[in-house]
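Right, one structure below, let's go through it.
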Amino acid sequence: MSKTSGVRNVWVFGYGSLIWRPGIAYQERRVARVRGWTRRFWQGSHDHRGLPHAPGRVVTLVPETGATCEGVAYRVGKALAKATFEGLDHREKNGYRRHSVQLEFRLGGTSAGIVYIAPVDNHAFLGPAPVDEMIAQISRAAGPSGTNLDYLRQLESALRRLEIDDPHVFELARRLRQSRSQAAVR
Ligand code: SIN
């Protein structure tokens, strides 16, 4: 919780689709980071970017000593906090749970915040895989929210726009472009 003008607010931290498609009513948006976590395409998606029998791959946060993950924090007013979390709980229902974290804003300052993380013991967790396998899965998966390819592209471009470096995401996006351009000339 943070205090602004005497009103108590809650900050929600997004590191995946919440960056480019927040879908929540917020009062302020800031680039922020969390320490001790790294973004990985290790979570299965059965309900957004894949289907139960053909899951896609989306991001979660994985604990890593010394790592930081940059994303976007949204300040939600007290009056809308309950409805916001009900909506996000539904959206992130496929294995994600709320965690309390300390946010560090890029332009200075800190605050407590809430982030949705899909932990290793959730039913949809996929974990690491060789890059080629991840690319193949992302290339073919699609679900009610669109293609898995679109998710990766949107995430890559949102991170670049915000000048957030993420070698894992950028490497997957680069390898995906490479494999598609190779497929196009065959
Ligand atoms: C998030 O964006 O913070 C959670 C993961 C996702 O929905 O992509």
| When both residues are 6+ apart or on different chains and their Cβ atoms are under 8 Å apart, which pairs have a first residue that lies in segment 22-48 and is free of Cβ contacts under 8 Å to residues at least 60 places away in the same chain, and a second that is assigned to a loop (DSSP other than H, G, I, E, B) and within 13 Å of the ligand (Cβ to nearest atom)? | R29/P22
| query | Taking segment 75-101 as the region of interest, how many residues are touching a residue at least 60 places away in the same chain (Cβ under 8 Å) and loosely packed, with under 14 Cβ neighbours inside 10 Å? | reply | 1
| field | Number of positions in segment 26-44 that are out of contact with any Lys or Arg (no Cβ under 9 Å at 6 or more places or on another chain) and of a type in the set (K, R) | value | 3
| Members of segment 14-39 found to be open to solvent by 20 Å² or more (accessible area, probe 1.4 Å), under 21 Å from Y151 (Cβ atoms) and among the charged types (D, E, K, R), listed by number | R21, R29
| field | Some residue of segment 56-73 being open to solvent by 10 Å² or more (accessible area, probe 1.4 Å), without any contact (Cβ under 8 Å) to a residue 60 or more places away in the chain, of a type outside the set (V, I, T) and assigned to a loop (DSSP other than H, G, I, E, B) | value | no
| note | Sole miss for D47 among (1) at pLDDT below 95; (2) farther than 24 Å from Q154 by Cα is condition (2)
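The values are calculated or read from the model by the stated rules, or taken from the named source; none is laboratory data. Not measured: the values here are computed from a predicted model. Positions of Cβ are backbone-derived with ideal geometry, glycine not excepted, and every protein chain shown enters the neighbour counts. The accessibility values were calculated without ligands, DNA or RNA, using every heavy atom of the protein model including side chains. Shrake-Rupley method; radii C 1.70, N 1.55, O 1.52, S 1.80 Å.
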